[in-house]
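Written out below as structure tokens is the structure these notes cover.
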Amino acid sequence: MTTGNGSDDIRPADQDIDAPDFDVVVGGVGFAGLYLLHRLRGLGFSARAFESAGDVGGTWYWNRYPGARCDIPTTDYTYSFDPDLETEWTWSEKYATQPEILRYAQYVADKYDLRRDIQFETRIESAEWDEEASIWHVRTDRGDEVSCRHLVMASGCLSMPKTPDIEGAERFAGEVYFTSTWPHEGVDFTGKRVAVIGTGSSGIQSIPLIAAQAAELTVFQRTPNFSVPAHNGPVRPEKRAPLEADRDEYREQAKWSRGGIPFPLAEFGALQLSEEDRLARLDSALEAGELFEIIGVFNDVLINRTANEVVADYIRDMIRSIVNDPETAETLCPTDHPFATKRPCLDTNYFATFNLPHVRLVDLRKHPIATITESGIDTADEAFEFDAIVYATGFDAMTGALVSVDITGRDGVTLKDKWAHGPTTYLGLTTVGFPNFFTITGPGSPSVLSNMMVSIEQHVDWVADCLADMREHGDTTIEPTETAEAGWVQHVNDCADITLYPTANSWYMGANVPGKPRVFLPYVGGVDVYRAACDEVRGNDYFGFRVTGPAGSRCNDGVVRRLQPDVMMVLDLMAGMDLPPLESMSVEDARAFVVAMGAQSPPGPDVGEIVDGVLPGDGGELAYRLYRPPSDGPHPVVAYFHGGGWVLGSHDSDDPLCRDLCVRSDAVIVSVDYRHAPEARFPAAVDDGFTAVKWIADHIVELGGIPGQLAVCGWSAGANVAAVACQRARDAGGPDLVGQVLLTPVTDSDMTRGSYVENADGYVLTAPLMQWFWDHYADPDDRTHPHASPLRADDLSNLPPALVVTCEFDPLRDEGVAYAEAMAAAGVPVRQLSARGHTHTSLTMVDVILSGAGVRAEISEAMRQFFGASVPA
Ligand SMILES: Cc1cc2nc3c(=O)[nH]c(=O)nc-3n(C[C@H](O)[C@H](O)[C@H](O)COP(=O)(O)OP(=O)(O)OC[C@H]3O[C@@H](n4cnc5c(N)ncnc54)[C@H](O)[C@@H]3O)c2cc1C
């Protein structure tokens, strides 16, 4: 180790000459670095932290602008690792100010005597992995060179200020301030003409206080932001009570909550409530003055545009009610992004500040800055003179501080290069090619979408535990595998894709930094879900990591989250209900159960018209329900058959799916009930199916259809009915069918295929349940008949073009694939679509499992293609 200016040689006394100088080097000492040092010391690791700032505190050291406060209640935004610390420290306000939070960080540093492991005013400039020695070589801007076994960057998500890219910025001769590096001695704006550029959190917090001092204040706004009043003051008794009653329980709830604060999830979506109820809930959320209250006021705010608009409208109305000048009010109303897809703000008198006579708002969208001059700011149509300019222009978030350090991993690859197209991590903690390298609250973890204190503690604990585990086993390196990392990146994207977040040009997306790749950076799946994944990885011998130890390298490889996030959520909910397996019920009870579950499902989209009717079947009348699209007819027609193992279900149970397919495909859907087993066993269902197809073909004009434009579709056992109808229509010389859509079809009675084995006990449709269905439906001898197992037909040629949809976690997956392959081999045009991360039932759960919408869109597109040009686009 060599040391630069002012640093002490603090190599542990008994260290081997070949051993690294430290077990761990830590980059940055905000709340993350502080707690990490404490944990490492407790575990007996040697550690050295480097910090660019002159003291601890990170965010709260740098951001000293007037009005700087947290926006998570301070009773939640606080360490929980030591009950003594919690009793010793009392927060004075609901949202403490920056000086108070900084004092807290300093108190923690003193209490645990952490400063002796920290070298201040020293920035880590580079770090290089030494493959031979399995150590990192770290260099600082003060000439230090130290080696360590592990490098942990606790460098902050919002610690790299964004440099303003405004023409002429360097020419301004007056005072220049950045909210992110505010002078320690404070600034007096009394009597001055001040410009503030930027209306994100820092701008919104500082503008009212700057206005209170300045002679004139001009605010330059590019993007208006949603902000609600903080209603700051003493900590509310109802907030204090649960914490004081049972601190441990409260903190435990926070750890297993969605956002890191104990907060009940809303039971209702905005659109499920009456106008009156909606308003009442919004009023009370606004009154609470907490971000989580207003973001979580309805359970669909971040996933449904219409629901989101309800909240957005409400806040815009609030802005209009505060701001006197209508034009200024409109300029302050955010309209270019859904509510909360950019971080919303909490404020104190922000909007009212624009009623003051000396405060003016300039809309940069209408009047962009042409240049900054020596004396002020010129827009295209006006020249402004200022004494001071304040930049509240934000951060290069989440990745900025990491890639600004020259971190070189294996094979000379730098982190900056590896992440050139967006960061890829495993769990937001580690990244392939960078052994023994960890990031605290890195991209791909909940971080900035959560109460950061909870996320920081969780990450630090995970890293500290990992290092302790490695030491216990004598391991030297740990690094994620490509498979695990790619799987995690996919999961992070899957989580974001079912929300409205990616629709906004936000710093969550990297959109505030020119040239930064557009990737959704944080993990939106929730603190609780995330923690469970991290725990699972550790509990499963570092699943997805390659660990090198004395006995060589070991790797328990795989993808920790393969289910779609919303599928997982529904399965977890169901598991929590502890429902009896369907196959343990009587047929009557199972049917009643399916009806009861269906009654709780969202209804699906509105269609143009619904007509219930009956058609003649072989064993009596068959009920059907016809869905007509809103567009002018006539339309192509799809004969649809519901799922339910030939035993359960009806056109009611598949109603939302039929509505969805109708609207998306612009076709009439005729959903026909067929006789059920065990009352009517094989071949009653398929006989009814074929009879219904013939009847629909014969009556297509009366049904509002186009002659010759008839396809079939079915789900599960209904897909079996549809597939058999296609074979029988071919064999009987008609009716002509233009296509078949088979959604997770039953095509065979062989229950030994790989997908049966893999998913035997899993995901709603289990192997025992399928056995129960078969037993009710068909005698063993009948099951191999092609009308029960269409895959077994001697001839699969000359069938209508097919789309076969299979789901990854479905016992029926492999027989669906086999049927698609067999039809294709027989010359039938076939597309086989594999729904990643889905189960047998998930694609049908309209407006519950949003990740299924894309697959249903593809199904509908296939239908449109079957019908060719006759369907309006
Ligand atoms: C104004 C503001 C308000 C916020 N309010 C909230 C809130 O209410 N609730 C919430 O959950 N979060 C809030 N945050 C997010 C906040 O960043 C985190 O809550 C938390 O403070 C982050 O702690 P940290 O230790 O991870 O990072 P930081 O506090 O950012 O500390 C990182 C430290 O690393 C140092 N560093 C970086 N790179 C290097 C290097 N190469 N070498 C040496 N040192 C380096 C930096 O100087 C910095 O001191 C806020 C952020 C800002 C900017």
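The values are calculated or read from the model by the stated rules, or taken from the named source; none is laboratory data. Just so you know, these numbers come straight off a predicted model, no measurement behind them. Cβ coordinates were reconstructed from backbone atoms using ideal geometry, including for glycine residues, and neighbour counts include every protein chain displayed. The accessibility values were calculated without ligands, DNA or RNA, using every heavy atom of the protein model including side chains. Shrake-Rupley method; radii C 1.70, N 1.55, O 1.52, S 1.80 Å.
Contact map, the stretch 598-613: residues that are of a type in the set (S, T, N, Q) paired with residues that are not in a loop (DSSP other than H, G, I, E, B), Cβ distance under 9 Å, separation 6+ or inter-chain. Pairs shown: 601/655; 601/656.
If you take the residues of the stretch 149-171 that are within 14 Å of the ligand (Cβ to nearest atom) and part of a strand (DSSP E or B), which of them is surrounded by the fewest Cβ atoms within 10 Å (Cβ to Cβ)? Show your work before the answer.
Our first condition is that a residue be within 14 Å of the ligand (Cβ to nearest atom); within the stretch 149-171, this holds for 151-162.
Filter once more, keeping what is part of a strand (DSSP E or B): 151-153, 161.
Details: 151: 26, 152: 29, 153: 23, 161: 18.
Only one residue tops the list, namely 161.
Just one of the listed residues (496, 468, 464, 486) is open to solvent by less than 10 Å² (accessible area, probe 1.4 Å), outside any loop (DSSP other than H, G, I, E, B) and more than 16 Å from the ligand (Cβ to nearest atom), and it is 496.
Just one of the listed residues (170, 185, 175) is more than 25 Å from residue 61 (Cβ to Cβ) and of a type in the set (Asp, Glu), and it is 170. Being among the small types (Gly, Ala, Ser), closer than 23 Å to residue 867 by Cα and surrounded by 19 or more Cβ atoms within 10 Å (Cβ to Cβ) is the filter here, so list the residues in the stretch 817-835 that pass it. The answer is 820, and nothing else.
Report the residue count in the stretch 290-349 for those that are part of a loop (DSSP other than H, G, I, E, B), farther than 22 Å from residue 77 by Cα and among the acidic types (Asp, Glu). Adding up the residues that qualify gives 3.
Do you know which residues across the stretch 260-287 are open to solvent by 10 Å² or more (accessible area, probe 1.4 Å) and among the small types (Gly, Ala, Ser)? Hits for the stretch 260-287 are 266, 274, 280, 284. Within the stretch 79-105, restricting attention to residues that are within 18 Å of residue 63 (Cβ to Cβ), open to solvent by less than 50 Å² (accessible area, probe 1.4 Å) and assigned to a helix (DSSP H, G or I), which residue is farthest from the ligand (Cβ to nearest atom)? Top of the filtered list is 100.
Taking the stated definitions as given, is residue 578 open to solvent by 70 Å² or more (accessible area, probe 1.4 Å) and either at pLDDT below 95 or on the phi < 0 side of the Ramachandran plot (or both)? It is true that residue 578 is open to solvent by 70 Å² or more (accessible area, probe 1.4 Å) and either at pLDDT below 95 or on the phi < 0 side of the Ramachandran plot (or both). Go through 424, 393, 441 for me and flag whichever is closer than 24 Å to residue 70 by Cβ, modelled with pLDDT of 95 or more and in a loop (DSSP other than H, G, I, E, B). Going through 424, 393, 441 in turn, the sole match is 441.
Among the residues of the stretch 106-148, those that are part of a loop (DSSP other than H, G, I, E, B), more than 14 Å from the ligand (Cβ to nearest atom) and charged (D, E, K, R) comprise 113, 131, 132. So residue 19 clears everything in (1) more than 15 Å from the ligand (Cβ to nearest atom); (2) at pLDDT 95 or above; (3) part of a loop (DSSP other than H, G, I, E, B) except one condition, right? Which one? The single condition residue 19 does not satisfy is (2).
Every residue, every condition in (1) among the charged types (D, E, K, R); (2) part of a helix (DSSP H, G or I); (3) in contact with a strand residue (DSSP E or B) (Cβ under 8 Å, 6 or more places away or on another chain); (4) farther than 30 Å from residue 599 by Cβ, yes or no:
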position: 824; (1), (2), (3), (4): no, yes, yes, yes
position: 828; (1), (2), (3), (4): no, no, yes, yes
position: 838; (1), (2), (3), (4): no, no, yes, no
position: 846; (1), (2), (3), (4): no, no, no, no
position: 862; (1), (2), (3), (4): no, yes, yes, yes
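Filter the stretch 48-62 down to the residues that are within 6 Å of the ligand (Cβ to nearest atom), under 17 Å from residue 113 (Cα atoms) and outside any loop (DSSP other than H, G, I, E, B) and list them by number. Within the stretch 48-62, just 50 meets the criteria.
In the stretch 63-76, is there at least one residue being assigned to a strand (DSSP E or B), within 27 Å of residue 468 (Cβ to Cβ), charged (D, E, K, R) and open to solvent by 10 Å² or more (accessible area, probe 1.4 Å)? No, the stretch 63-76 has no match at all. Taking the criterion of being open to solvent by 20 Å² or more (accessible area, probe 1.4 Å) and under 41 Å from the mean Cα position of the chain (by Cα), the residues of the stretch 768-816 that qualify are 768, 771, 772, 791, 801, 808, 813, 814. Restricting attention to the stretch 223-255 and to residues that are assigned to a helix (DSSP H, G or I) and among the acidic types (Asp, Glu), the residue that is most open to solvent (accessible area, probe 1.4 Å) turns out to be 244. Comparison of 111, 162 shows that the only residue that is among the basic types (Lys, Arg) and under 22 Å from residue 80 (Cα atoms) is 111. When residue 591 is tested against (1) closer than 16 Å to residue 671 by Cβ; (2) open to solvent by 50 Å² or more (accessible area, probe 1.4 Å), only condition (1) is not met. A search for C-beta distances below 6 Å between a residue of the stretch 459-477 that is acidic (Asp, Glu) and any residue that is surrounded by fewer than 16 Cβ atoms within 10 Å (Cβ to Cβ), counting only pairs 6+ apart in sequence or on different chains, returns 475/549.
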